[in-house]
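Enquirer: What follows is a single structure, and I will ask about it in a moment.
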Amino acid sequence: MSFVKLTTSALALTAMAATSAVARDQVQVAGSSTVLPYASIVAEAFGENTDFPTPVVESGGSSAGLKRFCQGVGTEHTDIANASRAIRDKEIKACAENGVTDIIEVRIGYDGIVFASQIDGPAYTAFTQSDIFNALAPKVMVDGALVDNPHTKWSDFNADLPDAEILAFIPGTKHGTREVFEEKVVAVGCEETGAMAAMIEAGMSEDDAEDACLEVRTDGRSVDIDGDYTETLASIDANANAIGVFGLAFYENNTDKLKVATMAGVTPSTETISTGEYPVSRPLYFYVKKAHIGVIPGLKEFAQFFVADELAGPDGPLAAYGLVSDPELAVTQAAVADEKVMGGGS
């Protein structure tokens, strides 16, 4: 694959920035472990194919990356936050309180949340969102009543699932993947099983019931993983019957170790995610601190490089790694070029 060298005007901009007194000359990125491999691919290509240094890309989770991003403006602060979810209103407020007021939101494409087990373990080929809720919620519906979860095996509530002990390794609360897991799997299962209606009928407010729906059991059958997907993979390796939650790209790069589960009868793939057939998918983002453009050499150029057709298009290396290309990529490219900030300004 070939990459287009930077334009004369872009290089001129860099030369101007280089004459300024800056504390560093590398773009600094932190955030989502899901976006990390994509950002690392782009950073390496950027360093190899432009006159800018290779950006420094760190992980830590979406929430942690956005927290660092929002700590302030200046070369001691990160320039970009990767996120596997959209920035929250409270994070935008925290940014503003620290002087980070102009933020460029960049959607790079889509990813799927997949459930996978050890390659030689049980075949989980009949999952629905209700099954995940019945396995992992602290309270579930049994014979029409909301009770403490009595289930110890998957087959306890679905005869089509393996007669295996329930053990799930799920993303910790600081990961963007956790939010998607909660909203598109657990919350859906809570509603479909009737648990949410039972909570409201018992006197809970709708808001409290929605929060209760997202809780997971604390008896050791649901285990939070605060690290990245490699930690989840290690846990699966050590537990033959366990399932784990991964991003599609990570699974596709570990098919020699993992066996993917279906969800609502659909196998996760680039095709089923791009068509919307697979029910558990999400957009991926990064956020750029506009105040750092022109101060940190190569910042805007890196953002533009990231969403270029050659990188993020359907035939680019990110798609080959597992990213589902955004059908509206051209809109994102124009927004980055125009430095359009959230809220409609530029």
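The values are calculated or read from the model by the stated rules, or taken from the named source; none is laboratory data. The model shown is predicted, which means the values in this text are computed figures rather than measured ones. Quick reminder, even Gly has a Cβ in these numbers, built from the backbone with ideal geometry, and neighbours come from all protein chains shown. These accessible areas exclude ligands, DNA and RNA; they are computed on the full protein's heavy atoms, side chains included. Shrake-Rupley method; radii C 1.70, N 1.55, O 1.52, S 1.80 Å.
Enquirer: Springs between alpha-carbon pairs under 10 angstrom, Gaussian network model over the chain: which of K67, K153, K90 fluctuates most?
Expert: Largest GNM mean-square fluctuation: K90.
Enquirer: Let me cross-check D163: its accessible surface, 1.4 Å probe, with only protein heavy atoms counted, in Å² to the nearest 10?
Expert: Taking all protein chains as shown, D163 has close to 110 Å².
Enquirer: Also, quick follow-up: If the elastic network links every pair of Cα atoms under 10 Å, which of G74, G121, G276 fluctuates the most in the Gaussian network model of the chain?
Expert: Maximum fluctuation in the GNM of the chain, among the listed residues, is at G276.
Enquirer: Among (i) 22.2, 69; (ii) 24.3, 84; (iii) 21.8, 73, only one was calculated for this model; which label is it, if the read-out is Rg and Dmax of the Cα atoms in Å?
Expert: Looking at Rg and Dmax of the Cα atoms in Å for this model, the match is (iii).
Enquirer: Just to be sure I understand: with springs between alpha-carbon atoms less than 10 Å apart, which residue in E310, E179, E271 has the highest mean-square fluctuation in the Gaussian network model of the chain?
Expert: Of E310, E179, E271, the most mobile in the Gaussian network model is E271.
Enquirer: Let me ask something else about it. For segment 104-206, what's the relative contact order in percent, using C-alpha pairs closer than 8 Å and at least 6 residues apart?
Expert: Details: 100 pairs, mean separation 29.1, N = 103.
Over segment 104-206, the number comes to 28 percent.
Enquirer: Would you please calculate the Kirkwood hydrodynamic radius of segment 131-190 over all C-alpha pairs and express it in Å, rounded to one decimal?
Expert: Numbers: mean 1/r = 0.0809 Å⁻¹.
One over the average 1/r among Cα pairs gives 12.4 Å for segment 131-190.
Enquirer: Can you list the equivalent-ellipsoid semi-axes of segment 200-346, largest first and in whole Å, using the square root of 5 times each Cα gyration tensor eigenvalue?
Expert: The three semi-axes for segment 200-346 are 34, 23, 17 Å.
Enquirer: Using a ≥ b ≥ c from the Cα gyration tensor of segment 102-152 (square roots of the eigenvalues), is it rounded, prolate or oblate, where a/c under 1.5 gives rounded and otherwise the larger of a/b and b/c decides, a/b for prolate? It would help to have the intermediate numbers written out before the result.
Expert: Working: a/c = 3.56, a/b = 1.59, b/c = 2.24.
Cα axes put segment 102-152 in the oblate bin.
Enquirer: Considering only protein heavy atoms and a 1.4 Å probe, what is the carbon-and-sulfur percentage of the accessible area of the chain? Mind showing how you got there, number by number?
Expert: On the way: 7180 of 14620 Å².
After summing per-atom areas, the C and S share lands at 49 percent.
Enquirer: List the aspartates and glutamates whose Cα lies under 12 Å from the Cα of K174, skipping any in the same chain that are fewer than 8 positions away.
Expert: Of all the aspartates and glutamates, those that pass the test against K174 - Cα under 12 Å, at least 8 places apart if same chain - are D224, D226, D228.
Enquirer: A further question on this structure: Name the shape class, rounded, prolate or oblate, that the alpha-carbon gyration tensor gives for segment 156-242, where a ≥ b ≥ c are the square roots of its eigenvalues, rounded holds for a/c under 1.5, and otherwise prolate holds if a/b is larger than b/c and oblate otherwise.
Expert: Values: a/c = 2.63, a/b = 1.50, b/c = 1.76.
Taking the square roots of the gyration eigenvalues as a ≥ b ≥ c, segment 156-242 is oblate.
Enquirer: For the chain, give me every cysteine whose Cβ has no other Cys Cβ within less than 4.7 Å, ordered by residue number.
Expert: That list is empty.
Enquirer: Put +1 on the Cβ of each Lys and Arg and -1 on the Cβ of each Asp and Glu in the chain; which of S117, F302, M199 then has its Cα farthest toward the positive end of the dipole?
Expert: F302
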